[in-house]
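Any read-out appearing in this document is the output of simple, stated calculations on the displayed coordinates, not a laboratory observation. Here the structure is a predicted model, which is why all the values come from computation and not from measurement. A quick note on method: Cβ atoms are made from the backbone with ideal geometry, for glycine too, and the neighbour counts reach across all protein chains shown.
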Amino acid sequence: MPHTAAPRINPSILAADFVNMQRDLERIRTADFVHVDVMDNHFVPNLTFGPQMVERIQQTSPIPLDVHLMIDDPDRWAPGYAEQGAASVTFHLEAANEPVSLARRLRAIGARAGVAVKPMTPVEPLFEILDDVDQILVMTVEPGFGGQSFMPETMPKLRRLTDEARRRGSAVWLQVDGGISASTIAQAAEAGADTFVAGSAVFGAQDPATAIASLRQLAATRTH
């Protein structure tokens with residue numbers, strides 16, 4: 001079953017210049033979403049943005065926010081990001097107490113509901129909740145820090161998820177995050193991903209718009 005939509009490129013602001021955030025957001029206005037990594041130094045060993053910073057990004061970004069919560073207790077905190085206006089809010093399966101209830105709350109507020117899994121977490125538990133989420137994020141690095149190398153050993157897991165989604169006729173978006181670049185994006189697209197988080201591959205480029213277009217084209221030639 002072919003993908004009907006063009007591949008989505010969501011640059012991660014972990015790779016942006018935090019002092020010049022508004023400038024860097026303007027530089028990626030041709031992207032589909034801006035990927036905002038929220039880390040609490042508990043669920044992952046890093047600390048990034050909190051609600052106030054995300055709200056300010058929401059106010060200044062020319063494109064919708066794709067918020068990725070790498071935090072403990074998302075059942076409590078995730079709805080607040082949806083209420084701020086984030087277009088998509090993704091929480092980790094490993095951290096949520098009631099993933100289906102949380103996804104339904106996010107949808108009720110008006111956000112797309114996403115669920116993420118770490119590289120070592122199996123995807124099979126997600127099969128039964130495909131209809132309750134809008135996006136599944138398969139981490140292709142261990143979450144916590146940008147700039148890590150892509151883990152090709154996560155691709156069989158993504159393929160199993162892709163096959164199951166197609167078998168069920170699901171419209172869920174399949175996202176990958178971690179080490180996505182011109183040299184790895186085709187591999188992820190072949191395995192079924194249609195939404196790609198790229199950090200340094202976009203913000204480290206001389207012209208981010210050209211980098212976004214190139215990544216989109218590389219992914220589009222491999223989707224099936």
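The table below gives the values:
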read-out: Sparse-neighbourhood loop sites, trypsin sites (Lys or Arg not before Pro) in segment 77-119 - DSSP loop, at most 12 other Cβ within 10 angstrom; value: none
read-out: Residue-averaged [θ]222 nm for the chain, counting only DSSP H segments that reach four residues, each worth -39500 (n - 2.57); value: -9500 deg cm²/dmol
read-out: Residues listed by number, segment 167-181, amide nitrogen under 17 Å from Glu94 label point at 7 Å toward C-beta; value: 176-179
read-out: Least to most buried among Ser88, Ser181 (fewest other Cβ within 10 Å first); value: Ser181, Ser88
read-out: Cα-projected label distance for Ala186 with Ala171, points at 7 Å along beta-carbon direction, nm; value: 3.2
read-out: Table column - 3J(HN,Hα) (Hz), segment 192-207, Karplus curve with 6.51, -1.76, 1.60, x for Gly and Pro; value: x, 5, 10, 9, 10, 8, 10, x, 5, 5, 9, 6, x, 7, 4, 10
read-out: Stokes-Einstein D (µm²/s) once Rh is taken as the Kirkwood radius of segment 1-100 over alpha-carbon pairs, at 25 °C in 0.890 mPa s; value: 173
read-out: Residues Asp75 and Ala108, FRET efficiency given R0 of 22 Å [Cβ-Cβ distance, rounded to 0.05]; value: 0.95
read-out: Cβ-based charge dipole, segment 8-220, positive-most Cα from Val100, Pro122, Ser12; value: Ser12
read-out: Modelled FRET efficiency - R0 22 Å, Leu47 with Gln206, Cβ distances, 0.05 increments; value: 0.15
read-out: Packing-based exposure ordering (other Cβ within 10 Å, fewest first) of Val133, Val141; value: Val141, Val133
read-out: Test item: Cα-centred dipole of the chain, Lys/Arg +1 and Asp/Glu -1 on Cβ, debye; value: 560
read-out: Unit Cα scatterers, Debye sum, the chain: log10 I(q)/I(0) for q = 0.07, 0.13, 0.14, 0.16 Å⁻¹; value: -0.18, -0.67, -0.79, -1.07
read-out: P(r) tail fraction, segment 68-167 - alpha-carbon pairs more than 19 Å apart, %; value: 41
read-out: Karplus-derived HN-Hα couplings along segment 21-36 (A = 6.51, B = -1.76, C = 1.60, θ = phi - 60°), whole Hz, x at Gly and Pro; value: 4, 5, 4, 5, 5, 5, 5, 10, 5, 7, 6, 7, 9, 9, 8, 10
read-out: Global form of segment 108-161, assessed from the alpha-carbon gyration tensor, a/c cut-off 1.5; value: oblate
read-out: Dipole of the chain, positive end: most advanced residue of Ala219, Pro64, Gly178 [Cβ charges, Cα centre]; value: Ala219
read-out: Efficiency of FRET from Cβ geometry, Glu142 and Gln22, R₀ 45 Å, rounded to 0.05; value: 0.90
read-out: Cut-off under 5 Å, modelled amide H: who pairs with Ser12 long-range; value: His35, Ala198, Gly199
read-out: Relative contact order %, segment 8-220, counting alpha carbon pairs below 8 Å whose residues are six or more apart; value: 20
